[in-house]
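The values are calculated or read from the model by the stated rules, or taken from the named source; none is laboratory data. Note that the structure is a prediction, hence the values are computed from the model and not measured. For neighbour counting, all protein chains shown are included, and Cβ atoms are generated from backbone atoms with ideal geometry for every residue, glycine included.
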Amino acid sequence: MRKRAARGSGEPTPFLLRLQLPRERVGKPDEYPFSIPAVAAIDGLALHPRVTYLVGENGSGKSTLLEAIAVAAGFNPEGGSVNLRFSTRSSESSLAAALRLVRSVRRPRTGFFLRAESFFNVATTLERLDPQLLASYGGRSLHEQSHGESFIALALHRFGPDGLYVLDEPEAALSPLRQMSMLRRMHDLARQGCQFIVATHAPILLAYPDAWIYELDERGLRKVAYDDTATVRITREFLSDRDRALDELFSDDP
C-alpha cells in the first residue's frame, strides 16, 4: 500500500525531505557553483510536502540549485521525465554530483523536470523518438501550440497523481491568466499526493497557500513569507504607484 499521510498532519509524505551538501563531496568550495552564497548555505534545507519555492534575483543560484535537485532526483538536465535521455548541449554544474537528497520511504509514481529555456528541445526529442508519445501530452504536437499552450498541455495531460515535479520558471511562457490556471493545476495535483519544487519570479505563481518560500541572495538563503519576497514587494510598489515608479526609473539623477 502506498504511504500517503504524514505524521498526523494530514499532509502527504513528501518524496524528498531535505537537501544535504556533505563537505567531503565539495572538492573546491571557492569555485563555482559552490562559491554561490545560497549553494554554500543549503545543507539541511527542508522541503515542503506539497510546494517549495526558490526565489531570487538573476544570478542568485536558484536555477543552478533547482537543476541540481532535478538531476540528483534522476531527471535529464535539459528537462523531461526520468526516462527521457538526450543532450543538446551539456552545461549542467557539478552540484548535482555533490548534492544528497534525503528521501522518504515513499517513491513517486511519475514526475517531470520542466525547464522553460529548453522545453523546445524536449518537445523536439519526443517527436523524434516516437510521435505516439504525444498521446501522453494531449495528443497534439507541442510545436503546433503556442509556448504557453504547450506548458498548460503538459501540466494537464502529462502531470499526474503521486508525482514529483521540478519546475524552472514556468511563468516564462504563461500569461497572468494562464499562471492562475497552472496554480490551480498544482493545487489539484498536490491534493493527489504530488510534490512540487519551483523556481519562479512570478508573484501569481508564487502564491500557493502555506508553501515554503526560500529567497536566495548574496547573504545565502532563508525562508521568507510571501509578502516579504523581493518579487512581490517590487511588483506591488510598481503597481500601486506606477507614475512615481516610472519617474524614478527614467530619472537622469543617478
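Select from the stretch 177-204 the residues that are more than 14 Å from L154 (Cα to Cα) and among the hydroxyl-bearing types (S, T, Y) and list them in ascending order. The one that is more than 14 Å from L154 (Cα to Cα) and among the hydroxyl-bearing types (S, T, Y): T200. The set of residues in the stretch 222-254 that are among the hydroxyl-bearing types (S, T, Y) and outside any helix (DSSP H, G or I) comprises T229, S251. Tell me whether the stretch 239-253 contains one or more residues that are of a type in the set (S, T, Y) and touching a helix residue (DSSP H, G or I) at 6+ places or on another chain (Cβ under 7 Å). No, the stretch 239-253 has no match at all.
Of all the listed residues (A207, A190, A173, A225), the sole one being aliphatic (A, V, I, L, M), without any contact (Cβ under 8 Å) to a residue 60 or more places away in the chain and either under 21 Å from A70 (Cβ atoms) or in contact with a Ser or Thr (Cβ under 9 Å, 6 or more places away or on another chain) (or both) is A173. Just to be sure before I move on: is V71 of a type in the set (A, V, I, L, M), modelled with pLDDT of 90 or more and surrounded by fewer than 22 Cβ atoms within 10 Å (Cβ to Cβ) in the structure I sent? So V71 fits the description; yes. For the stretch 210-221, the criterion of being within 18 Å of I69 (Cβ to Cβ), modelled with pLDDT under 95 and either not aliphatic (A, V, I, L, M) or not in a strand (DSSP E or B) (or both) is met by at least one residue. Scoring H201 on the criteria (1) surrounded by 18 or more Cβ atoms within 10 Å (Cβ to Cβ); (2) in a strand (DSSP E or B); (3) not polar (S, T, N, Q) leaves a single failure, condition (2).
List the helices (runs of 4 or more DSSP H) inside the stretch 91-160, counting only whole elements, that have at least 2 residues being at pLDDT 65 or above and under 21 Å from T200 (Cβ atoms).
Values: elements: 95-98, 119-129, 147-153.
Where helices (runs of 4 or more DSSP H) fall fully within the stretch 91-160 and carry at least 2 residues being at pLDDT 65 or above and under 21 Å from T200 (Cβ atoms), they are 95-98, 147-153.
Could you tell me whether E78 is among the charged types (D, E, K, R), in a helix (DSSP H, G or I) and either under 20 Å from L164 (Cβ atoms) or at pLDDT 90 or above (or both)?
Numbers: among the charged types (D, E, K, R): yes; in a helix (DSSP H, G or I): no; either under 20 Å from L164 (Cβ atoms) or at pLDDT 90 or above (or both): yes.
Judged against the criteria, E78 is not a match.
Here the stretch 228-254 is the region considered, the condition is being closer than 28 Å to D43 by Cβ and in contact (Cβ under 8 Å) with a residue 24 or more places away in the chain, and the residue that is surrounded by the fewest Cβ atoms within 10 Å (Cβ to Cβ) is A230.
Would you mention how many residues in the stretch 27-65 are β-branched (V, I, T) and surrounded by fewer than 19 Cβ atoms within 10 Å (Cβ to Cβ)? I'd like the intermediate steps shown before the answer.
First, the residues of the stretch 27-65 that are β-branched (V, I, T): 36, 39, 42, 51-52, 55, 64.
Filter once more, so that each one left must be surrounded by fewer than 19 Cβ atoms within 10 Å (Cβ to Cβ): none.
Matching residues across the stretch 27-65 total 0.
Of the residues making up the stretch 200-214, those that are of a type outside the set (V, I, T) and under 13 Å from L183 (Cβ atoms) are A202, P203, L205, L206, A207, Y208, P209, A211.
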